[in-house]
Amino acid sequence: MDIVRRNNVTVTGNPQGRPVVLAHGFGCDQNMWRLTLPALVDDYRVVLFDYVGSGRSDPAAFSEVRYASLTGYAQDVVEVCEALDLRDAVFVGHSVSAMIGVLAADLAPERVGAHVMVAPSPRYIDDDGYRGGFSADDIDELLVSLESNYLGWSAVMAPVIMGNADRPELGEELKNSFCATDPDMARVFARTTFLSDSRDDLKGVRAPTLVLECTQDVIAPREVGAFVHAAIPGSTLVTLDATGHCPHLSAPDATNEAIRSFLAELR
């Protein structure tokens, strides 16, 4: 299969620069990074893609079995890196994609040389001694609502996830992104995302890692950022002056500055 076509891969920026892979989260697509691109294209070879089932990826490639675990999405990442022969790439993952990047690096460590985790969460459900932000009942209700009325769920949840109620256009954009996703494929990605537990995987991360959290985030509260930072040896935690779960849209200047500073330190 043509991996570039399957994942709607876009390559831009400086061909001689270190590769930077921008990976979107659940219900989104590569367009969510449009405000980050101008900060990277002069110095880095920037790769964007859509996970199968999202954006303009090839829907014929979707497999409920493969994408029932985050490893299936991580295999997509590895195959994209192999198709482009990317080595030592910086993987910038938003939300669940941060954990997908961890799994991809474990599968092919020569392909991923650093991580930028934007509002990451290794587990969304609270556990003994761990606050993920949701109870098991919360997640069950969320998934039942999503599966019974995906468009209605999107309209209600997108503004909550985005935050920034004073800027309703941001929530509207996220809602439109959710609504553009095939409901059956979104259902699979949602279950895979919200029922995942990648906490143990963080212990094996040895690549330089930047963890970006927001001051207020209903999906990944600050306790989660602190957990991820503590679990990854030598990682850097930056709290952005931003609210909501998508700082690359709601606070692009602060997000881009943090990413560029981290990338500069890797040189």
* To do: Answer yes if at least one residue in region 166-174 is among the small types (Gly, Ala, Ser) and within 24 Å of residue 67 (Cα to Cα), and no otherwise.
  => no
* Structure fact -> Of the listed residues (152, 132), the one being open to solvent by 10 Å² or more (accessible area, probe 1.4 Å) and at negative phi is 152
* To do: Collect the residues in region 207-238 that are over 25 Å from residue 43 (Cβ atoms), of a type outside the set (Gly, Ala, Ser), surrounded by fewer than 18 Cβ atoms within 10 Å (Cβ to Cβ) and without any contact (Cβ under 8 Å) to a residue 60 or more places away in the chain, keeping them in residue-number order.
  => 215, 216, 222, 233
* Counting only residues that are over 20 Å from residue 130 (Cα atoms) and part of a helix (DSSP H, G or I), how many does region 193-212 have? -> 0
* Restricting the first residue to region 244-262 and requiring it to be more than 14 Å from residue 167 (Cα to Cα) and aromatic (Phe, Trp, Tyr), which pairs with a second residue that is at pLDDT 95 or above and not in a helix (DSSP H, G or I) meet a Cβ separation below 6 Å and a spacing of at least six or different chains? -> 262/210
* To do: List every residue pair whose Cβ atoms sit under 8 Å apart, with the two residues 6 or more apart in sequence or on different chains, where the first one lies in region 126-153 and is in contact (Cβ under 8 Å) with a residue 40 or more places away in the chain and the second, anywhere, is open to solvent by 70 Å² or more (accessible area, probe 1.4 Å) and of a type in the set (Val, Ile, Thr).
  => 133/218
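Against the definition (touching a His at 6+ places or on another chain (Cβ under 9 Å), among the hydrophobic types (A, V, I, L, M, F, W, C) and either at pLDDT 95 or above or not in a helix (DSSP H, G or I) (or both)), how does residue 98 come out, yes or no?
When the stated conditions are applied, residue 98 passes them.
The values are calculated or read from the model by the stated rules, or taken from the named source; none is laboratory data. All figures in this text were calculated on a predicted structure; none of them were measured in a lab. Because the Cβ atoms are built from the backbone with ideal geometry, glycine has one as well, and the counts that use them run over all protein chains shown. We work out accessible area using only protein heavy atoms, side chains counted, and drop any ligands, DNA or RNA first. Shrake-Rupley method; radii C 1.70, N 1.55, O 1.52, S 1.80 Å.
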